[in-house]
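Undergrad: Here it is, the structure, as structure tokens.
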Amino acid sequence: IDLDKFEFTGFTIVRATDVTESEVISAFKRDLIDQHSIFSSDGIKLLEDRLQALFRRPDLTLGLGALQGDQVMLIKSDCNSNINCLFSNSHHINLKDIEGSIWMQAVEKGSVLYVPDLSKKENLLPLEQQAVAVGVRSMILSPLYYQGEIIGLLEMFTSTPNDLHSINTLLLEQITPLFSLALKRGQDGMNKQVQSIIKEECTAVHPSVEWRFEKAAIDHMERLRHGDESSEMEPIIFKGVVPFYGQSDIRGSSLARNKGIQQDLNQQLNLALDVMKAGSRKRPWPLLREFKYRIENLIQDVSSGITSGDENAVFSLLNHEVAPIFDDLAELGPGVVNRINAYTSALDSSTGMIYNKRKEYENSVSKLNKALSAYLDQEDGLIQQTFPHYFEKRQTDGVDYMMYIGASMMENQQLAGFHVKDLTLWQLLLSCGLAWHTEQVKPQLQIPLDTCHLILVNHTPLSIRFRFDEKRFDVDGAYDARHEIIKSRIDKALIKGSGERLTQPGRIAVVYSNPAEGKEIQQHIDFLMGIGKLHDDLEFLDLDDMPDVRGLKAIRVGVNLKSMARENIIEMKAG
């Protein structure tokens, strides 16, 4: 059949729905879920193509900036790597280089910024001039937020002036949260790399100076990125910082510990002596008489005072010579067995020695330390909110702390003389609180313990350096080492001409060398006496010279332990 001889007539109904925008946004979601979508050159080019389709701008260019410390990490389609890494596949720009620029204006404004024609902007900055030179004209800059905080910037531009001003803001609002989530994921991945380097080189880092270690780690990664395989973490030095030191030491801890050892050894020796006596009554063996003689001599030695070798001598005799014959002695009858059972049942299973009084002492020290340490952490947490500072605490027989404060340690803050005086007063208040907490805990202790409170005032700025080999901060340089020497000596300081220890239970001793510092301390103490925290029994003291330390002075004052006003330190100061 010849189809040319036929003719068909009628009409066709076509129903069309424009789904381009919704399809593109759905594609955005899929792309940004893909780990490779945003941090590789192929991925960013794909997203750029999506935006061109969504906004119907074939020449639209996409840029994505991540705020990271003092840098912006800019991802654009001209990044020539397919490595899935925010750090490795981005241009790194120092924030100082874009101060006052349109990009920082958008960040500071916190909302979408439209730039009709960048070339018309007055006083173009160097980076803005570079952008104009490559044809950038119309721009949209949209801050990216995560949990209320700006983490980066979405940048779109074309080469046509006023081209982007009419872009649908509703569409822009739909896609920016997607970019925010993807950018945050990339930042988290990079931060894991940074933290890995910090933990490897420095272990734990105090939050107040973490920013500096992060910067050093990023700089280290930057050098590795550019092929410097010999790169190491740069020195971490803070110059011009003011040190603060204080301690609450358990008075007579060595004597209390030795007394516990003495009591335990005496008890164990006497129980062993009972076994020897019971055995000798059954069988007058010469060896039992010898053991009895040696045990009695050790009892006499231990009772007259503990020396460094006494504990080992007792352990060696009882565990290596006496105890091994107990099985044979048990054959001598129930009277001897009862004495052996009394001996063995008194022993600590983990040490093979009687450990009752020592355990009571250790438990008491531990309980007091925990109470003082918890209080110290609590109060430091509050004062950190007032002004961040480096804080380091140690627990031995009591607690001691070291603090440093200085502009070089602050990422975005300045140090004023007020802050130094405020922390000095805080130290005195803290010592009052530590003394009071000691009194509250004392009734719960198996062994009664007292604490002595000491503060070293030295407002002369010094430099500290992080020792990577020791994983800690230390003073930098021989001159600044004097502070460390004084700190290590003053615990044993004596009052000149009397032989009396400076530190005494229930009293605060403040050591200084500069008369101006002494005057400031006296003013703070007058205030605390006025509000009932300290007794009106101020002492001005000169200290005996110590090795490499001369000319120190001290102020000593009693803590009013009966004061019932236990206000929070910060609230009281504010009042």
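Each value in this text was obtained by applying a stated rule to the coordinates, not by laboratory testing. Everything numeric in this text was worked out from a predicted model, so none of it was measured. Backbone-built Cβ (ideal geometry, glycine too); neighbour counts: all protein chains shown.
Undergrad: To make sure I understand, if each residue's beta carbon is the centre and we count other beta carbons within 10 Å, what order do Leu347, Leu54 fall in, fewest to most?
TA: Neighbour counts put them in this order, fewest first: Leu347, Leu54.
Undergrad: Sorted by packing (mean other beta-carbon atoms within 10 Å per residue), highest first, where do 536-549, 141-154 land?
TA: 141-154, 536-549
Undergrad: Another one. Which one is right for this structure if percent of Cα pairs over 40 Å apart is calculated from it: [x] 33; [y] 41; [z] 55?
TA: Looking at percent of Cα pairs over 40 Å apart for this model, the match is [z].
Undergrad: Need the list of lysines near Lys121 for cross-linking: C-alpha distance under 24 angstrom, and skip anything on the same chain fewer than eight residues off.
TA: Within the straight-line cut-off, Lys121 pairs with Lys76, Lys96, Lys109.
Undergrad: A follow-up question, please. Pairwise over distinct Cα atoms, reciprocal of the mean inverse distance: report the Kirkwood radius of segment 256-350 in Å, one decimal place.
TA: With all distinct Cα pairs of segment 256-350 included, I get 13.6 Å.
Undergrad: Right, another one. How far is helix 334-345 tilted off the main Cα axis of the chain, in degrees rounded to 10, range 0 to 90?
TA: 30
Undergrad: Still on this structure, I have one more. Helix-only mean residue ellipticity at 222 nm, the chain, DSSP H runs n ≥ 4 weighted -39,500 (n - 2.57), per residue, nearest 500. What is it?
TA: After summing the helix terms and dividing by the residues of the chain, the value is -14500 deg cm²/dmol.
Undergrad: Just rank His389, His453, fewest to most, by other beta-carbon atoms within 10 angstrom.
TA: Fewest to most other Cβ atoms nearby, the residues stand as His389, His453.
Undergrad: Calculate the dipole size of the chain relative to its Cα centre from +1 charges on Lys and Arg beta carbons and -1 charges on Asp and Glu beta carbons; express the result in debye to the nearest 20.
TA: 2100
Undergrad: Can you tell me the relative contact order of segment 256-350? Whole percent, Cα pairs under 8 Å, sequence separation 6 or more.
TA: For segment 256-350, the relative contact order is 39 percent.
Undergrad: Set the bar at 29 Å for Cα to Cα. Now go through Lys370/Lys533; Lys259/Lys471; Lys239/Lys496; Lys184/Lys239; Lys192/Lys471 and name every pair that lies beyond it.
TA: Lys259/Lys471; Lys239/Lys496; Lys184/Lys239
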